[in-house]
Amino acid sequence: MLIALAAGARTSAQTASAQTKSVVPFVGCKSDGQIGPGKAPRGKPKTISVPATVAQRLAYYEEEGGLAVLAPSGWYCFGTYGSSGTNLYVAPQPIDPKLILSGSWKGFTGPIVQFTLEYGGTSGRFGVAKTIARVFPTHSEFVSKVISDQEQVSPISFPRGPYPNDKLIYKGDDSVEFETPAQSKGLGTDSFLLPSSDPIRGVKILVGAEPDLMSLSARLPASETDLTSVIIQQTELYAASVKP
């Protein structure tokens, strides 16, 4: 299902920016990847545009490279990085780095927030191109270039058009919020979130001239699902702050 943003309507990010300012704790996340383990960074509490009653249930999680996301407070986090991009995972249970880096790990089936930055100028361009083919038709030239630059890459590797069961809300040519229903494949499972009995909500945002791709996929417990919209809104603000 496609829902275009109505003319004159306020974006989620704009709505969030008009709300009360509140402070959430900073949580540093350990990471590991191409050149070895990264330490959990230290930082100051962050000010965000949400009511205090909501902010007290959230925390700001950041890995050493600077990728950061809001998620429920008291959760665990871990980041991975490489030439293709960076992933930050935040979950209510401890995250086993050895399992995630093992090569045999399939993904998460329970509650999880995953925030990913894929680089359009490196090997990450394949993931960027696959998302563009799905939901960003005005950037289809990027997909064509990726295909033409790689002799062994077939156009069928980049299916055109949205997943049939996804609900999409466009915020512009470069940004789309989505919901992938329970037990379905879609933008939400184009991540390390496996299909389960709960839906996945999130947002995909192209940033920079390359472009790079920011992807948020969130599946929260029933008691926390009201936080999902706030996490999406703050991700949109975060993306806007890093755009050149």
Filter result (among the hydroxyl-bearing types (Ser, Thr, Tyr) and either over 22 Å from ILE231 (Cα atoms) or at pLDDT below 95 (or both)) within the stretch 155-183: SER157, TYR163
Is there any pair linking a residue in the stretch 165-177 that is more than 16 Å from SER140 (Cα to Cα) to one that is buried (at least 19 other Cβ atoms within 10 Å of the Cβ) and of a type in the set (Asp, Glu), with Cβ under 7 Å and at least six apart or on different chains, and which? ASP166/GLU179; LYS167/GLU179; ILE169/GLU177; LYS171/GLU177
Quick one: in the stretch 19-62, of everything that is of a type in the set (Gly, Ala, Ser) and part of a strand (DSSP E or B), which residue is surrounded by the most Cβ atoms within 10 Å (Cβ to Cβ)? SER31
Sole exception among (1) outside any loop (DSSP other than H, G, I, E, B); (2) modelled with pLDDT under 95; (3) touching an Asp or Glu at 6+ places or on another chain (Cβ under 6 Å) for LEU99, by number: (3)
Could you count how many residues in the stretch 189-234 are under 18 Å from PRO92 (Cβ atoms), touching a strand residue (DSSP E or B) at 6+ places or on another chain (Cβ under 7 Å) and either among the charged types (D, E, K, R) or without any contact (Cβ under 8 Å) to a residue 40 or more places away in the chain (or both)? 8
Output the residues belonging to the stretch 128-139 that are closer than 11 Å to LYS204 by Cβ, assigned to a helix (DSSP H, G or I) and of a type outside the set (D, E, K, R). VAL128, THR131, ILE132, VAL135
Pairs only if they're at least six apart or on different chains, beta carbon under 9 angstrom, first in the stretch 92-118 and surrounded by fewer than 18 Cβ atoms within 10 Å (Cβ to Cβ), second of a type in the set (A, V, I, L, M) and in a helix (DSSP H, G or I); list them, first residue then second. TRP105/LEU99
Go through the stretch 153-195 and report how many residues are among the charged types (D, E, K, R) and in a strand (DSSP E or B). 4
Being modelled with pLDDT of 95 or more, β-branched (Val, Ile, Thr) and over 20 Å from ASP226 (Cβ atoms) is the filter here; which residues of the stretch 6-46 pass it? VAL27
Long-range neighbours under 7 Å by Cβ, at least six apart or interchain, first residue more than 12 Å from GLY161 (Cα to Cα) within the stretch 127-140, second assigned to a helix (DSSP H, G or I): ALA129/PHE142; ALA129/VAL143; ALA129/VAL146; HIS139/ILE132
Give me a count of the residues in the stretch 205-229 that are outside any loop (DSSP other than H, G, I, E, B), touching a helix residue (DSSP H, G or I) at 6+ places or on another chain (Cβ under 6 Å) and farther than 15 Å from GLY124 by Cα. 3
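The values are calculated or read from the model by the stated rules, or taken from the named source; none is laboratory data. It should be emphasised that the depicted structure is a prediction, and the values quoted were computed from it without experimental measurement. Cβ: placed from backbone, ideal geometry, glycine included. Neighbour counts: every protein chain shown.
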